[in-house]
There are 4 protein chains.
Amino acid sequence: MPDVNTEPEPAAKSGRTAPTDQGEKIFAAAVSIFAEHGYHKTSMDEIAEAAGISKPTLYAYLGSKAELYRMCMRRVTEALIEAISSVVSEDLPIEEQLWRGLNAFFSFVARFRDEWRVLYQQVVWQEGPAGDEAVATRRLLLDNVTELLGRAAVRQGNPLGTDELRGLSTALVGAAESLSEGLIDHPGQRPEDTSRQLMNLLWQGLGGLLHGEVWPGVSPAGT
Amino acid sequence: MPDVNTEPEPAAKSGRTAPTDQGEKIFAAAVSIFAEHGYHKTSMDEIAEAAGISKPTLYAYLGSKAELYRMCMRRVTEALIEAISSVVSEDLPIEEQLWRGLNAFFSFVARFRDEWRVLYQQVVWQEGPAGDEAVATRRLLLDNVTELLGRAAVRQGNPLGTDELRGLSTALVGAAESLSEGLIDHPGQRPEDTSRQLMNLLWQGLGGLLHGEVWPGVSPAGT
Amino acid sequence: MPDVNTEPEPAAKSGRTAPTDQGEKIFAAAVSIFAEHGYHKTSMDEIAEAAGISKPTLYAYLGSKAELYRMCMRRVTEALIEAISSVVSEDLPIEEQLWRGLNAFFSFVARFRDEWRVLYQQVVWQEGPAGDEAVATRRLLLDNVTELLGRAAVRQGNPLGTDELRGLSTALVGAAESLSEGLIDHPGQRPEDTSRQLMNLLWQGLGGLLHGEVWPGVSPAGT
Amino acid sequence: MPDVNTEPEPAAKSGRTAPTDQGEKIFAAAVSIFAEHGYHKTSMDEIAEAAGISKPTLYAYLGSKAELYRMCMRRVTEALIEAISSVVSEDLPIEEQLWRGLNAFFSFVARFRDEWRVLYQQVVWQEGPAGDEAVATRRLLLDNVTELLGRAAVRQGNPLGTDELRGLSTALVGAAESLSEGLIDHPGQRPEDTSRQLMNLLWQGLGGLLHGEVWPGVSPAGT
DNA sequence: TATGAATGAGAATTCATTCAT
DNA sequence: TATGAATGAATTCTCATTCAT
């Protein structure tokens with residue numbers, strides 16, 4: 001979703017927007033409204049209207065409400081993973097990777113609030129096959145983080161078990177998700193501050209933190 | 001949770017089923033179904049049927065679907081907080097408090113799966129007054145954890161700022177919530193294992209963990 | 001319904017109100033609430049509560065909501081007819097009878113607003129047997145007025161046909177009913193003023209009125 | 001009333017039923033059923049079925065039951081006022097105006113029974129905004145009559161006070177409404193007869209009538 | 001007798017989804 | 001292709017009425 005907010009060329013050629021734009025308009029509208037009202041309280045009428053098309057057209061493109069939502073999730077997930085991956089190169093020191101990753105994540109949340117909310121909402125979605133897919137979408141993010149940590153562990157010469165790794169990344173993602181709410185609720189808050197909070201916890205652990213140790217990578221007062 | 005908060009009615013009169021039983025039946029059914037289908041996909045018909053009563057009776061007891069859900073949340077929250085508070089006494093060493101708290105939490109989740117899911121679902125509920133209450137309910141949990149950490153920090157001689165504390169507890173709760181999903185999905189999994197994973201992360205930090213340090217309270221190989 | 005507002009002896013004998021009082025309480029409550037909300041928007045719960053009894057007791061007394069309403073109507077109708085009849089004695093001059101009757105009617109309306117509204121509401125009630133009875137109750141009033149006019153006509157030596165009489169009384173009652181709304185809406189308004197307006201119209205006719213003739217019985221400026 | 005206000009759609013396109021037809025069908029059905037059962041005992045299901053459409057369609061057109069009823073009232077009121085106004089031209093003698101007006105009114109009632117009943121029912125409607133509108137609708141009729149009488153009074157060189165005028169028209173409308181019931185109940189009855197009855201009362205007054213005087217415009221024996 | 005508790009039947013309203021054009 | 005119009009299927013909530021005690 002690096003395309004979000006992409007205004008399709010200042011001057012639209014003719015009177016008709018290209019077919020692809022249709023799709024973009026739909027997604028933009030859907031994401032915005034899903035984020036605002038949640039899946040269930042969002043009606044297809046709303047989306048159609050916001051997208052400036054008719055409902056039958058909407059259905060022609062996506063087939064069903066659930067499918068549309070899933071598509072939104074998929075796009076957002078991909079964009080988020082891309083946003084993180086692009087700044088976390090394997091050859092950086094592990095701390096640096098972590099720091100950059102967190103920063104990328106919280107920046108994404110702060111910048112694409114609606115997109116993030118669409119993702120966050122589906123945390124608990126339990127409806128048969130549709131839900132499975134939704135869960136799978138979410139797992140994608142987790143897999144990426146797990147892989148990241150796995151590589152890091154190996155590099156530190158201390159390979160962890162699969163379960164161990166999974167647990168760590170699950171915890172990490174959960175912590176990040178939870179903190180993201182603060183960014184959503186207080187638009188003024190700076191993503192770096194949130195990153196640092198989490199980085200401190202992750203790197204020093206509570207044990208260290210309570211003894212006044214913080215992650216040396218950022219000065220407590222620095223930004 | 002059927003056992004929590006059940007005041008056994010000072011004197012059970014005669015053979016007539018005590019009115020409270022109805023209430024319990026309703027809550028049991030509601031929690032179970034809300035957990036299964038989520039708030040929106042759950043109909044009052046379903047709950048009434050599961051509770052073995054008629055819909056009007058259901059409404060007589062709880063007033064409205066939203067109210068019923070809120071009541072469920074409130075009960076579960078209280079039970080959860082009670083479960084944690086009862087094992088975390090202030091005079092214990094801070095590590096011990098943390099360990100016991102996590103254990104109590106994950107045990108609760110494992111034991112009262114449905115109850116926990118009801119709570120977890122409301123993560124994203126943004127509808128006027130009903131939503132406000134839902135958010136408040138959730139905040140209660142967070143407040144308790146924050147207070148816990150606050151006391152701990154003070155005891156360690158390193159009082160943290162409000163924001164700092166809030167951030168830590170938010171992260172902690174998020175991590176725990178996230179890990180709880182594993183317990184839900186794999187009923188065989190032992191809560192202690194999950195606790196230990198998180199304890200390790202919390203106490204040693206990722207930094208330590210990756211160097212093979214684990215929380216000394218549990219042996220790395222121990223189950 | 002001369003009993004309306006009759007507070008059943010300052011000191012209720014024992015702890016239990018006499019059974020008859022039950023009935024009165026019920027009617028008082030019913031009339032008040034029917035008047036306030038109308039038949040359909042009034043619930044039996046409301047009436048029971050206002051009467052200070054339980055719903056089963058309410059049903060024990062009256063059998064059904066429709067029956068209760070009909071009883072209310074019947075009582076009010078009788079009270080109204082009594083109020084009018086008691087001041088219209090046959091041996092008075094016809095004009096005087098008319099004037100007194102109108103005055104009695106509008107005074108009743110002004111004094112027993114709720115009671116009157118119960119009667120007025122059922123103007124259009126068309127539900128099989130229940131409605132028939134309701135219409136019959138209303139007809140009672142009309143019959144009385146018709147009879148009044150009939151006697152008057154005979155005394156004036158100009159007996160009118162049945163249809164003619166019926167038409168006149170129907171018109172008269174309708175006019176009075178319609179004017180009663182003003183009394184209901186403006187509690188300060190004096191019943192005599194309304195009576196005089198109608199008396200002028202009835203006695204002089206529009207033809208006369210428009211030429212400045214008024215019923216000589218009351219001076220235009222007088223009360 | 002199906003004929004009133006029907007703008008025949010500038011150009012009926014093809015074989016597709018014009019959308020307006022739906023609207024007409026709905027109104028026809030609604031008026032008929034509201035007249036039959038009254039507002040409260042009428043269900044939207046009934047109306048939808050009678051109109052040969054589905055409930056959602058019904059809602060798409062009118063929004064809500066109350067709104068639908070209000071629309072019906074409005075239409076009927078307008079039609080009635082139009083029916084009367086169209087025959088009462090200001091330059092006619094006052095008697096003639098009155099006579100024609102009454103005739104138009106009773107003819108309307110006789111011809112559009114259901115329509116009239118819809119209007120007559122709302123006499124007592126006291127629920128917030130919906131009720132306000134209902135009362136306003138009724139007042140419209142009253143205002144028109146008041147204005148009529150006002151002009152007449154002025155022309156007769158005897159202008160009446162506002163209250164006086166209002167009282168007269170209120171009485172007149174009430175009398176007419178009341179008499180209309182006879183036309184409803186006895187379909188065979190001729191509107192002119194009812195008009196004449198009321199005209200006699202209005203023009204001669206009871207005083208005159210009882211002395212055998214009748215409005216000279218119609219012969220006493222004439223039908 | 002009096003009632004706390006329960007309910008069958010129904011009512012308004014909404015929404016994802018699909019024709020006919 | 002794109003859509004105005006239509007709907008089947010629910011869903012929340014209410015109320016007159018009745019048992020069991």
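The values are calculated or read from the model by the stated rules, or taken from the named source; none is laboratory data. The structure displayed is predicted, hence computed values, not measured ones. Using ideal geometry, Cβ is built from the backbone for each residue, glycine included, and neighbour counts are taken over all protein chains shown. For accessibility, only protein heavy atoms count, side chains too; no ligands or nucleic acids. Shrake-Rupley method; radii C 1.70, N 1.55, O 1.52, S 1.80 Å.
Brief remarks follow.
- What you get for segment C:72-210, charging only the Cβ of Lys and Arg (+1) and of Asp and Glu (-1), is a dipole of about 160 debye around the Cα centre.
- Under 19 Å from A:Lys65, Cα to Cα: aspartates and glutamates that are on another chain or at least 8 residues apart: A:Glu24, A:Glu36, A:Asp45, A:Glu46, A:Glu49, A:Asp114, A:Glu115, A:Glu127, A:Asp132, A:Glu133
- With the largest listed first and rounded to whole Å, the semi-axes of the equivalent ellipsoid of segment B:19-210 from the Cα gyration tensor are 34, 18, 15.
- Inter-copy label distances at C:Ser43, shortest first and taken from points set 7 Å along Cα to Cβ: 1.9, 2.3, 2.7 nm.
- Accessible area of segment C:72-210 divided out per residue, in Å², using a probe of 1.4 angstrom: 38 Å²
- Teacher prompt: C:Leu92 distances to equivalent labels in other copies, 7 Å Cα→Cβ, nm: 3.9, 9.2, 10.3
- Of the solvent-accessible surface of segment C:72-210, computed with a 1.4 Å probe over protein heavy atoms with every protein chain present, carbon and sulfur atoms account for 50 percent.
- Peptide B:196-202 has a mean of 6 when you count, residue by residue, the C-beta atoms of other protein chains within 10 Å of its C-beta.
- Inter-chain shielding of A:172-185 (mean C-beta neighbours from other protein chains, 10 Å cut-off): 6
- With its label point put 7 Å out from Cα toward Cβ, A:Ala60 sits 1.8, 5.5, 7.0 nm from the same residue's point in the other copies, in order from shortest.
- Of the Cα atoms belonging to segment B:76-168, the radius of gyration and Dmax stand at 14.5, 42 Å.
- When the accessible areas of C alone and D alone are added and the area of the pair subtracted, with a 1.4 Å probe, the result is around 3800 Å², both sides summed.
- Chain A Cβ-axis minimum, rotational copy C, residue and distance in Å: A:Lys41, 15
- Dipole-positive endmost among C:Gly157, C:Pro93, C:Gly182 within segment C:72-210 (Cβ charges, Cα centre): C:Gly182
- Shown in residue order for segment B:53-67 are the 3J(HN,Hα) couplings computed by the Karplus curve 6.51 cos²θ - 1.76 cosθ + 1.60 at θ = phi - 60°: 10, 8, 4, x, 4, 4, 5, 4, 7, 10, x, 6, 4, 4, 4 Hz (x for Gly and Pro).
- Dimensionless Rg ratio for segment C:134-207, taking C-alpha atoms and the 2.2 N^0.38 Å reference: 1.23
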